[in-house]
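No value in this document is a laboratory result; all are computed from the given coordinates. Small disclaimer: the values here were computed from a predicted structure and weren't measured. Note that each Cβ is placed from the backbone with ideal geometry, even for glycine, and that neighbours are counted across all protein chains shown.
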Amino acid sequence: MAGKKVFIGYGTRYGATEEVANRIAEIIRNANNQVQVENLKKNKNPPSPQDFDGVIIASGIRCSEWTKESNNYINKYKKQLGDQKRIFGLFVCSILAVTNYKEAVNNFLRPNLVKVGIPDDSNHIIYDAFGGVMDFTKTSKIGLFDKKGLQVWAKELKNESEGSFTYEEDGKNDFRNWEKIREYAENFSKMLTENSN
Ligand SMILES: Cc1cc2nc3c(=O)[nH]c(=O)nc-3n(C[C@H](O)[C@H](O)[C@H](O)COP(=O)(O)O)c2cc1C
């Protein structure tokens, strides 16, 4: 059995979202589906949603912004992503998802639902905000300038949080919840099976 066809397109600046996209792909594949995963910065000509039963578009967040490439994909294909003929998944990796989950959903995900015109209670949409990575080690993929910026912001978040948000100042702080990520991928697979279109 060939299963359903799924496309996962992601944008990443430091690699966290790429690892999540690959893990999600693995789980959906294990449920007997065919999955194509693309880094939207590297593949300048990603496939149209029209050829797929399910599409997931994802991004890491920097200064409250999606990557340009993931954003462009949604803008280009908003009609197909919102037409409820296929399962449409969205996710982001961000630190706001750790310190204020609701705000992360409202800021980074809901505007895209509105953009494609899909109601958030549709049984064709699945979205989530996962934690991100703050790697302050010497081997970090985050460049020196960005690292400094993130360090300043992280300190502010810690001070505002009254003890609920802590991290290692020189360490790799990985806030991704792999159990939550697994659940997302399993739910996506289930929705694919249930979608009769
Ligand atoms: C310079 C910089 C700015 C960031 N700005 C934000 C932000 O505005 N909001 C947020 O929630 N996370 C922010 N983050 C945290 C990232 O979302 C987190 O590191 C995430 O894992 C990045 O995903 P990526 O590695 O796939 O690019 C920032 C990180 C850096 C390095």
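Numerical summary
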| quantity | calculated |
| --- | --- |
| Whole-Hz ³J(HN,Hα) from phi, Karplus 6.51 cos²θ - 1.76 cosθ + 1.60, for region 56-63, glycine and proline x | 10, 10, 9, 7, x, 10, 9, 6 |
| Residue exposure sequence - 166, 139, 17, 12 - by fewest surrounding Cβ within 10 Å | 139, 166, 12, 17 |
| Shape metrics for region 10-79, restricted to C-alpha atoms - Rg then Dmax, Å | 12.2, 37 |
| Sparse-neighbourhood loop sites, trypsin sites (Lys or Arg not before Pro) in region 84-139 - DSSP loop, at most 15 other Cβ within 10 angstrom | 85, 138 |
| Ranking of 73, 127 by count of other Cβ atoms within 10 Å, fewest first | 127, 73 |
| More than 30 Å apart - percent of Cα-Cα pairs taken over the chain | 20 |
| Dipole magnitude of region 1-132 about its Cα centre (Cβ charges: Lys, Arg +1; Asp, Glu -1), debye to nearest 20 | 380 |
| Antiparallel %, DSSP beta bridges [both residues in region 8-79], to 5 | 10 |
| Cross-link reach list, lysines versus residue 172, counting only Cα pairs under 22 Å and skipping chain neighbours closer than eight places | 138, 141, 147, 148, 155, 158, 180 |
| Prolate/oblate/rounded label for region 103-197 (Cα gyration tensor, a/c 1.5) | prolate |
| Along the chain, longest interval not containing exposed GluC sites (Glu not before Pro), exposed being DSSP loop plus at most 13 other Cβ atoms within 10 Å | 1-161 |
